[in-house]
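The values are calculated or read from the model by the stated rules, or taken from the named source; none is laboratory data. Nothing here was measured: the structure is a model prediction, and the numbers come from that model. We place every Cβ from the backbone using ideal geometry, glycine too, and count neighbours over all the protein chains shown. Keep in mind that these areas ignore ligands, DNA and RNA; they rest on the heavy atoms of the full protein, side chains included. Shrake-Rupley method; radii C 1.70, N 1.55, O 1.52, S 1.80 Å.
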Amino acid sequence: MTTGLTGRKWIVLEEKNRVPEDLVKRYGHVLAQLIYNRRELFNNNLEEENIYPSLQKLLDPKLFKDLDSVAVKLAEAVKKRKKIAIYGDYDADGVTSTALLVNFFRDIGVPVKYYIPSRFNEGYGLNKTAIRKISQVADVLLVVDSGTNAHEELLFARKLGLEVFVLDHHEPVSPEWSAEGITILNPKLHSDINPLFKHLASVGIAFYLLIMLRRLLSIDIKLKPYLDIVAIGTVADVVPLSLINRIFVKKGIEELNKRQRAGIKALLDSISVKEVSSFEIGFNIAPRLNAAGRIDDAKKAVRLLITQRETEGRAISAELEFLNKKRQKLTEHAFKESQKKFRKEELSTIVVADERWHPGIVGIVAGRLVEKYKVPAVVLSIRNGKAVGSARSIPSVNIYEIMERHSYLLERFGGHSLAAGLTIQTKNIDRLREVLSQSVKDVREGETETFIEVDMEVPLSYWTPEKVESLRVLEPFGEGNPYPVFVAKKLKISDFMTVGQTNQHLKFWLQDKDRKAFSALWWNFGEKMKHLSVGMFIDVVYTPKISRWNGSVSVDFIIKDISISDMS
C-alpha cells in the first residue's frame, strides 16, 4: 500500500471493488466504477431511477416517530393564535433551521419571533436568562438544533408557562427522559426508527415538520422553494448524504440556482457564484453564514435568509464578506502561531492555548492541525482564568470518550467521537495535555494510521471539461459521498514553485509518459517542497475541477497527496 508525503496510506477502491460489466456498458468505465464504489449510498440498488434523487422517494413522514405528536400540538397552537418564539443556534444548521421556520410561519401569516444565543456571552444551547425574556413575549417555545439534553432549562421554560417543542439531532444522554408539556422530536431518541432519519440535520427535521403542518393546517403552499435553505444547512452540518439528505440537497440546489430569495441572491452575486453546487455551499456559502456566529452575531445570517428586500440582502452580504475575511485572517494567524507551541518530534497529540486567539475560530484551527499532523488536537482561547475551546480527532481516537473519562478536569464539555467543545480552568490545561497524550498512546500501534480513499487510477490525459461535467450525476457531494478522487502515476515534474502570501501552496507543471503537459495545485503543503525536485517522477492523488476564465473552459487538477514514483 502506497504512503504519500502527507503520511496517509492510499486505499484504491477500484482494487477491491471490481465493477460489474453491465454497469460499465451503461455508464462507461470511470462513472460505473464511481457509482459502484458508492453503492451503499444507493442502498445497493444501481438502477438508473434510484441513482437520480427525486422528491417522490422521500420517506413518508408517518414513519418519523414523534413527528405526528409535535405537528398536531403545534398545529393546534397555530389555530389558537398562540405566540411562537424560535430558539436557534449560532452555527449554520441552527441558523438555517431558524430561518426556515421563520419564513414558513410568516408565509402562512403566523407571527413569529426568533432568538439566537451569543457564542461569546451565552454559549451553546438554552439558558434561563434568554428563556425568561422569551416567556414575556411568547406562549410557545420552539427550540432548534439544541435542547435534547437541556432538561433543567426545558423544565424552567415549562415553569414559566411556555409550551415547549424541541427539534434536534444531537445524541441524547437520557433517551427515556420526558416531561409534561415538553415534546422532543429527535430521531436519535429511538433505536427502532429508520436509520435514514438519524442522518438528518436539524434543518431537515424542521422541513419534515413543515410537511406535516401543511397537511394538518390544510394550507395550499408549495414547500419545494424552502429546500434552498434546507440544502445549505444540510451540507454545512456535514451530515451523511444518504437518501433523504441527498434528495434535500439535490433539489435544494435547484432552488438555490433560481435565486428567488433576496438575501441568497445578494450573497451569490457578491461572491460571483454563477452556478451553485454542493462545493459552493460548503466552501463559499456556509463559511460566510458561519462567520457571523463565529466572530460577531449569528442573527445577521438569519436576517440574510429571511429578508425580502434586495437592498438589505446586499448590505448584509457585504457585512458577512467582511466578517469572513476577518475570520480567515484570525484563523491563519492562530494556525501559524499554534504550530510554534509544540514539538513536532514524536507527536501523539496537540493541546495549545493562547489569550490572543478568538474563541470563534479555535475549532477551525484544531481541524487544520489534525489534517496536517494526523493526531488529535485541542485548541483553547483563554479569558479570565478559563479556556474555551474545541477538540478534533482522528477516526481511531474517540475524543468524547476521553473527555468523559476525565470530565473531572473540565467545567463543561460536549460533542462526539471526532469533535467536541470544552471549557476548562487554565490550571488544568497541562493535566489535560498529559491524559490526552497517554490516552492516544494507549491506542494500539497501527490503529492511529490515517488513510485517503482513492476511487480509481485515471491518467490526467483522460479528462476534458465534458468528462468532468459528467461526474455531476453523482451530486450532491459531501459527507458519505465525497467528490471523486483519482490517482495518476509516473508523472515527471517539469517545474514547481510555492505560491500564496506565505508560500503555503505548491504549483506544479507535470508531464505524462506521452509528454503531455499539465498544471496542478497542492493547497497548504508548501513545506513539502524540500522532498521534491525537478525531473523527479511522482504519483499523485488528485481531483479534477472545471475552470472558467475569460470565457474559456479548462480542467484544473487539485492534488490531495504525492508519492515519489518507483520507476523501476
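Taking into account only those residues within region 310-331 that are among the polar types (S, T, N, Q) and open to solvent by 20 Å² or more (accessible area, probe 1.4 Å), which is farthest from Gly421 (Cα to Cα)? Filtering region 310-331 for residues that are among the polar types (S, T, N, Q) and open to solvent by 20 Å² or more (accessible area, probe 1.4 Å), the one farthest from Gly421 (Cα to Cα) comes out as Thr311. Does at least one position in region 198-215 carry a residue that is open to solvent by 30 Å² or more (accessible area, probe 1.4 Å) and farther than 21 Å from Ala77 by Cβ? Yes, that holds for at least one residue.
Close Cβ contacts (under 7 Å, 6 or more residues apart or on different chains) running from residues in region 241-260 that are in a loop (DSSP other than H, G, I, E, B) to residues that are hydrophobic (A, V, I, L, M, F, W, C) comprise Leu241/Val249; Ser242/Leu41; Ser242/Leu196; Asn257/Val276; Arg259/Leu268. Once region 332-351 is narrowed to residues that are within 24 Å of the chain's Cα centre (by Cα) and over 16 Å from Ile295 (Cβ atoms), the residue that is most open to solvent (accessible area, probe 1.4 Å) is Lys336. Each residue in region 22-39 was checked for being at pLDDT 95 or above and more than 19 Å from Val458 (Cβ to Cβ), and 0 pass. Would you mind finding the one in Phe197, Phe156, Phe165 that is assigned to a helix (DSSP H, G or I), over 22 Å from the mean Cα position of the chain (by Cα) and not charged (D, E, K, R)? Sole residue among the options that is assigned to a helix (DSSP H, G or I), over 22 Å from the mean Cα position of the chain (by Cα) and not charged (D, E, K, R): Phe156.
If you go through region 364-378 and pick out every residue that is open to solvent by 10 Å² or more (accessible area, probe 1.4 Å) and part of a helix (DSSP H, G or I), you end up with 7.
Of all residues in region 507-540, those satisfying the criterion of being farther than 23 Å from Lys9 by Cβ, open to solvent by 40 Å² or more (accessible area, probe 1.4 Å) and part of a loop (DSSP other than H, G, I, E, B) are Lys513, Asp514, Arg515, Lys516, Ser533, Val534.
Residues in region 179-188: is at least one in contact with a Phe, Trp or Tyr (Cβ under 8 Å, 6 or more places away or on another chain), part of a helix (DSSP H, G or I) and either open to solvent by less than 10 Å² (accessible area, probe 1.4 Å) or not hydrophobic (A, V, I, L, M, F, W, C) (or both)? Taking every residue of region 179-188 in turn, at least one turns out to be in contact with a Phe, Trp or Tyr (Cβ under 8 Å, 6 or more places away or on another chain), part of a helix (DSSP H, G or I) and either open to solvent by less than 10 Å² (accessible area, probe 1.4 Å) or not hydrophobic (A, V, I, L, M, F, W, C) (or both). Of all the residues in region 426-477, those that are part of a helix (DSSP H, G or I) and open to solvent by 40 Å² or more (accessible area, probe 1.4 Å) number 16. The residues of region 163-178 that are surrounded by 21 or more Cβ atoms within 10 Å (Cβ to Cβ) and in contact with a Leu (Cβ under 7 Å, 6 or more places away or on another chain), listed by number, are Val164, Phe165, Val166, Leu167, His169.
Remark: pairs (first residue in region 507-531, in contact (Cβ under 8 Å) with a residue 60 or more places away in the chain; second residue of a type in the set (A, V, I, L, M, F, W, C) and open to solvent by 70 Å² or more (accessible area, probe 1.4 Å); Cβ separation under 8 Å; 6+ apart in sequence or on different chains) = His531/Ile564.
Taking region 178-187, which residues are at pLDDT 95 or above and either more than 26 Å from the chain's Cα centre (by Cα) or over 19 Å from Val78 (Cα atoms) (or both)? Passing the criteria: Ile182, Thr183, Asn186, Pro187.
Restricting attention to region 388-418 and to residues that are under 23 Å from Ala150 (Cβ atoms) and small (Gly, Ala, Ser), the residue that is surrounded by the most Cβ atoms within 10 Å (Cβ to Cβ) turns out to be Ala391. Every condition in (1) open to solvent by 40 Å² or more (accessible area, probe 1.4 Å); (2) under 22 Å from Leu63 (Cβ atoms); (3) in contact with a Gly (Cβ under 8 Å, 6 or more places away or on another chain) is met by Val239 except one, and the failing one is (1). Residues in region 264-283 that are part of a helix (DSSP H, G or I) and either in contact with an Asp or Glu (Cβ under 8 Å, 6 or more places away or on another chain) or more than 20 Å from Leu474 (Cβ to Cβ) (or both): Ile264, Lys265, Ala266, Leu267, Leu268, Asp269, Ser270, Ser278.
For Lys79, the test of being within 30 Å of Asn186 (Cα to Cα), surrounded by fewer than 12 Cβ atoms within 10 Å (Cβ to Cβ) and touching a residue at least 12 places away in the same chain (Cβ under 8 Å) is passed.
Checking each residue in region 121-160 for being over 22 Å from Phe105 (Cβ atoms) and polar (S, T, N, Q) picks out Asn121, Asn127, Thr129, Thr148, Asn149. Within region 542-558, track down each residue that is more than 18 Å from Phe477 (Cα to Cα), among the hydrophobic types (A, V, I, L, M, F, W, C) and touching a Ser or Thr at 6+ places or on another chain (Cβ under 9 Å). Passing the criteria: Val553, Val555. Considering Ser417, Ser396, Ser390, Ser381, the condition of being assigned to a loop (DSSP other than H, G, I, E, B), without any contact (Cβ under 8 Å) to a residue 40 or more places away in the chain and polar (S, T, N, Q) is satisfied by Ser417 alone. Would you be able to say whether some residue in region 548-568 is among the acidic types (Asp, Glu), in contact (Cβ under 8 Å) with a residue 60 or more places away in the chain, over 17 Å from Ser494 (Cα atoms) and not in a loop (DSSP other than H, G, I, E, B)? Yes, because at least one residue in region 548-568 is among the acidic types (Asp, Glu), in contact (Cβ under 8 Å) with a residue 60 or more places away in the chain, over 17 Å from Ser494 (Cα atoms) and not in a loop (DSSP other than H, G, I, E, B). Reported count of residues in region 32-58, each being outside any helix (DSSP H, G or I) and surrounded by 15 or more Cβ atoms within 10 Å (Cβ to Cβ), is 4.
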